[in-house]
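Below is one structure, written out as structure tokens; comments come after it.
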Amino acid sequence: MVHYDYIFAGGGCAAYSMLFYLSKSKLKSKRILIIDPMGDDFPNKTWCYWAKSPLEIQPKSETKFWNKLNLSKNGSKLILPLGELNYYHIEAGNFFKELKAYFSSIPSITFLERKITNISPASQNFEIETDSGESFTCDYLLDSRLEEGDFQNQKILKQQFVGWKIKTEQPFFDDSAVTLMDILPQDQKNFSFGYILPYDSKHALVEYTAYSEKAIPKENLKASLDSYLEKHLQNVDYSVYFEETGAIPMSTQYKTVQTHERWIPIGTRAGWSRPSTGYTFQFIQEHCQKLVNELESEVALSKKSIPSRHFFYDNILLNIAKKWPEQLENVFFDLFTVNSTENVLRFLQAKTSFWEEINLLRKVRFAPYLKSLWYYEKH
């Protein structure tokens, strides 16, 4: 039975990010196995994050970024300069392919296209079994697998979306700013908005997003996106050359999946997503670097992901989104109108101090927050 220092259960963004930082650390010679049933079938996804400069892990082929955001509703439009921050874009396919090529030159890293069928913790290590009958042992198991049943509350909101990369026949897009939210007329059930990443005047990723507990059929999402484009493009002809779909869980409640101090959840399984926004990529990078530093120093591994008070803020917003979705448009507009965009983004990235958060939130209209606090629930 082959033994490894680290085995990764799942090969997504968190696993590849951990591998990247491990390869740059004192642990780079450790024997590592990544077991993932998808192999090189990389997902078609778009990730974004904001920072002063591109992260070290940013794919070299990704050069597009923006310094302004737009927020729109009912014809009203806010243009939001980002100050010292930029809004960066990553194609998941480029991310995985470039890192996989880099890992291929490191002999201590092995990839295996299998599904894990059983994990048996022992006092000193783990035994891992796969669907092909192979068995391996390891000192540390890093687990990014996630099922909907891993959430304590099964009736959770999900940020469900479909996006198309489109090419217009004539120049149409203003590629100087991202449309973060083009809030659509609400139906009292689901909060929905359009999202536009303009690559140049003729090319953009356009997404339709809705918050809903119930799964929205893909065809319904596509019909809503088609309707949004029909109204937004004003009879400008376009063609679709890429599609992505997804459902991001919006919950602060994860089941306790860590049964051993060296069975380490990572990624969304570990709560590394911001529940109220769905942004995950930068949180993954920060937590991976912290975890690698802890493994290098052989100190107790931190169980904390995002500061607990931010989960309280998330639950306030999720409570509004679930019970009174028609109020979300004013909540978001209000937050960005009375505060600098840079401070709001730092808040959403859990980079603010408690007193900065008090100063940021004291400027907004209290009614929706007080109502949510009065009927407070964890989601």
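The values are calculated or read from the model by the stated rules, or taken from the named source; none is laboratory data. Note that the coordinates shown come from a computational prediction; the quantities given were computed from them, not determined experimentally. Here the Cβ positions follow ideal geometry from the backbone for every residue, glycine too, while neighbour counts run over all protein chains shown. Note: areas computed on protein heavy atoms with side chains; ligands, DNA, RNA excluded. Shrake-Rupley method; radii C 1.70, N 1.55, O 1.52, S 1.80 Å.
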Tell me, what is the percent relative contact order of the chain, built from C-alpha pairs under 8 Å that lie six or more residues apart?
18
Kindly rank 113-119, 273-279 from highest to lowest mean number of other beta carbons found within 10 Å of each residue.
273-279, 113-119
Below 26 Å, Cα to Cα, which lysines can residue 26 reach? Residues fewer than 8 away in the same chain don't count.
60, 97, 100, 290, 303, 304
At 7 Å along the Cα-to-beta-carbon direction for both residue 324 and residue 226, put a label point, then send me their distance in nm to one decimal.
3.6
Just order 63-69, 205-211 by mean Cβ neighbour count inside 10 Å, highest at the front, would you?
205-211, 63-69
List the lysines whose Cα sits under 24 Å from the Cα of residue 222, skipping any in the same chain fewer than 8 residues away.
45, 73, 155, 158, 165, 167, 189, 202, 214, 231, 322
Computed on alpha carbon atoms, what radius of gyration and Dmax characterise the chain, expressed in Å?
21.5, 66
Starting from a Cα-only point model with no solvent, please compute log10 I(q)/I(0) by Debye for the stretch 62-165 at q = 0.10 1/Å.
-0.62
Among 288, 48, 13, determine the one that fluctuates most according to a GNM of the chain built with springs between C-alpha atoms less than 10 Å apart.
48
Taking all pairs of distinct Cα atoms, average 1/r, flip it, and tell me the Kirkwood hydrodynamic radius of the stretch 1-145 in Å to one decimal place.
17.4
In a Gaussian network model over the chain where Cα atoms closer than 10 Å are linked, find which of 215, 177, 247 has the largest mean-square fluctuation.
215
Average projection area in nm² (convex hull over Cα atoms of the stretch 313-378, one quarter of hull surface)
4.2
Can you give me the % of accessible surface on the chain that is carbon or sulfur? Probe 1.4 Å, all protein chains present, nothing else counted.
50
Expressed in nanometres to one decimal, the distance between label points 7 Å along Cα→Cβ at residue 189 and residue 117 is 4.2
Students often check this: by mean Cβ neighbours within 10 Å, which of 136-143, 238-245 ranks highest, and how do the rest follow?
136-143, 238-245
Hull volume per residue for the stretch 187-324, using the convex hull of the C-alpha atoms, in Å³ is 156
Keeping all protein chains in place, calculate the accessible area per residue for the chain (probe 1.4 angstrom), answer in Å².
47
Which residue fluctuates the most in the chain, going by a Gaussian network model with Cα springs under 10 Å, if the choices are 236, 364, 292?
236
